[in-house]
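Engineer: Just dropping this structure here.
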Amino acid sequence: MHFVKTLPGLWLCCAAFGQQAPPAPVFRNVDIHTAVAGGRTQAIGRFRPGARYQASGLTMLELVVRAYAVADPDWVVGGPTWLGIDKFDIVAEVPSEARSADMRPMLQALLADRFHLAVHNDKRPMPVYALTAAKHPLLKESAGGESRCESSGRDVTTIVCTNIDMEQFAHEFYDSASGYFDRPLFDKTGLGGKYDLTLHWTAFTRVNGQAANRQPVTLTAFNAVEEQLGLKVETRPEPVPVLAIDRVNRIPTPNAPGVTDALRASSLTEFEVAEVRVHKPETPFKFATYDNEADILGLSLRNLIAEAYGAHNEELAGGPKWVDTAPFDVIAKAPRKAPWENMQIMLQNLIEQRFKLTYHMENRPITAYALTLEKHTANLKPADPNSRSDCRKALRDGGMTFTCRNTSMAQFAEKARELTGDYPLLQIADLTRLTGGFDFAVTWTPSARTNPDGRGGDAGAVEAATPTGQLTFFEALKKQLGLSLQQQKLPMPVMVIDHVEPPAEN
């Protein structure tokens, strides 16, 4: 053994010279393949030791951001044009000896092994939000006490801070007003000392809309910090650490033979105990999954299938009438704690076993959106074909902005449904007949502002005109890009039920 003297009278024992630390754990039984075109991102790759890791429909850019904890996607620089467009599905077994801190190193090793990803750290000027101070800030110096911040409110957010410095306030303000920030916020006030302060602003989803009492609400977080504290939030370039892509393959190396069977054997695929019964009318509706339990009451079989397989509305077809009218209860317990991705697999197997479900996928005419040109023109700038293809949702002037680079209309149609999730969009098909990639941006009003009571609606309702100064996503496409989304019957992938039976007794 080797001993090191650190302080007088204190010796620490460490490993013998040349002895290496134990190797970090790695994913087991890894299945990687290119995601099906038009598929939706169903998981963000939750990591739990001893369970299944599933990252569905993630781009290489998203995988790199998660693997290396990059603060902003734009801080991943270089790489091929497809980095933010091509999607991949990853399913793997997390070894039981892994710990939460192992997730990023394990994902880094996975990307290096299967995609030959190579990166290096760099530093470059990037646009960020900077918190700056006027000549005479409206700040009250703290008399001491616990250093803390608390925020509250729905239509109007209030943050109350005591005994904090400006760097800490920048972090707290960023978290509390997260809807306003699409990139990091840095303290550039140059102010020392600690302060007590209170700040009020309108929640991002309510700006330029109406509060629950029908009164207009217009005070943005950026205006509030300037008017109430004498500070300012501005966008400017600052040198930040970035991750540079040196090399990455578009096609992953092939899966090991038998990986599908190995994953099925090693992962949680079935509940330990499960009861399926006809729902009693006097009992309430419920849908809850937590830890290792599923407590689902009063769902029709079609709704159960939709939840288990991630199908939506008309994307699920076929089956007898009782599939829609007869409600069922599912009360089940897994042998151990499992994430939702595992619960979905267990629900799928339960439905296939108890209801004898069989199905197939095919293209069928269903109600979808057709992306078309308005008056045969489009305000789109032809892109540099060598630039990276990606689309990003950001916050601008109280609205949501969708900025795309070197993006085809087919790629935009797929991304639009994914990134405008605050609208109930159907599937989108590109019928513009435009070829090549384009640079463009579109800004719209989040749907919560046109729906202040928080009530839902059908997909067609959100196409209607909104009050002056507000644009739905549909209106913004027409006015800003010369594009249109119109509902039509279009051939789209549909899950078709071939056979199903009422459940047998438990």
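None of the figures in this text is laboratory data; all of them are computed from the coordinates on show. Model, not experiment: these values are computed from the prediction. Every residue, glycine among them, receives a Cβ derived from its backbone with ideal geometry; neighbour counts consider all protein chains shown.
Engineer: Do you know the relative contact order of the stretch 268-355, to the nearest whole percent, from alpha carbon pairs under 8 angstrom that are 6+ apart?
Structural biologist: Relative contact order comes out at 46 percent.
Engineer: Quick one: which residues, 5+ away or cross-chain, put their amide H under 5 Å from the amide H of E293? H built at 1.01 Å from N.
Structural biologist: Sorted by chain and number, the residues that satisfy this are A334.
Engineer: On to the next question. Among the lysines, which have Cα under 29 Å from the Cα of K286 when same-chain residues fewer than 8 positions away are ignored?
Structural biologist: Answer for K286, where 29 Å is the Cα cut-off: K321, K333, K337, K356, listed by chain and number.
Engineer: Further question on the same structure: Based on the mean of other beta carbon atoms within 10 Å per residue, what is the order of 254-263, 87-96, 480-489, most packed first?
Structural biologist: Those peptides, ordered most packed to least, come out 87-96, 480-489, 254-263.
Engineer: Let me ask something additional. Students often check this: by mean Cβ neighbours within 10 Å, which of 120-128, 189-197, 173-181 ranks highest, and how do the rest follow?
Structural biologist: My ranking of the peptides, most packed first, is 173-181, 189-197, 120-128.
Engineer: Would you grab the residues whose amide H sits under 5 Å from the one on L483? Only those 5+ places off in sequence or on another chain, please, with H modelled 1.01 Å from N.
Structural biologist: Those qualifying (amide H under 5 Å, at least 5 residues apart or on another chain) are E374, K478.
Engineer: Check H279: other-chain or 5+ apart residues with amide H under 5 Å from its amide H, H built from backbone geometry?
Structural biologist: Counting only residues 5 or more places away or on other chains, the set is F328, D329.
Engineer: Right, here's the next one. Excluding residues on the same chain fewer than 8 positions from K135, give the lysines whose Cα lies under 24 Å from its Cα.
Structural biologist: The qualifying lysines are K188, K194, K232.
Engineer: Cross-link partners among lysines for K381, C-alpha distance below 22 Å, same-chain residues fewer than 8 apart left out?
Structural biologist: Qualifying lysines at Cα under 22 Å: K393, K415, K478, K479.
Engineer: Any chance you could run the full-extension gain for E270 through D324? It's 0.36 nm times the residue separation minus the Cα-Cα distance, nm to one decimal.
Structural biologist: That pair, E270 and D324, stretches by 17.0 nm at full extension.
Engineer: Ordered by residue, what ³J(HN,Hα) values in Hz, to whole numbers, does the stretch 252-264 give under the Karplus form 6.51 cos²θ - 1.76 cosθ + 1.60, where θ = phi - 60° and Gly and Pro are x?
Structural biologist: Once θ is set to phi - 60°, the couplings for the stretch 252-264 become x, 5, x, 5, 5, x, x, 5, 4, 5, 5, 5, 5 Hz.
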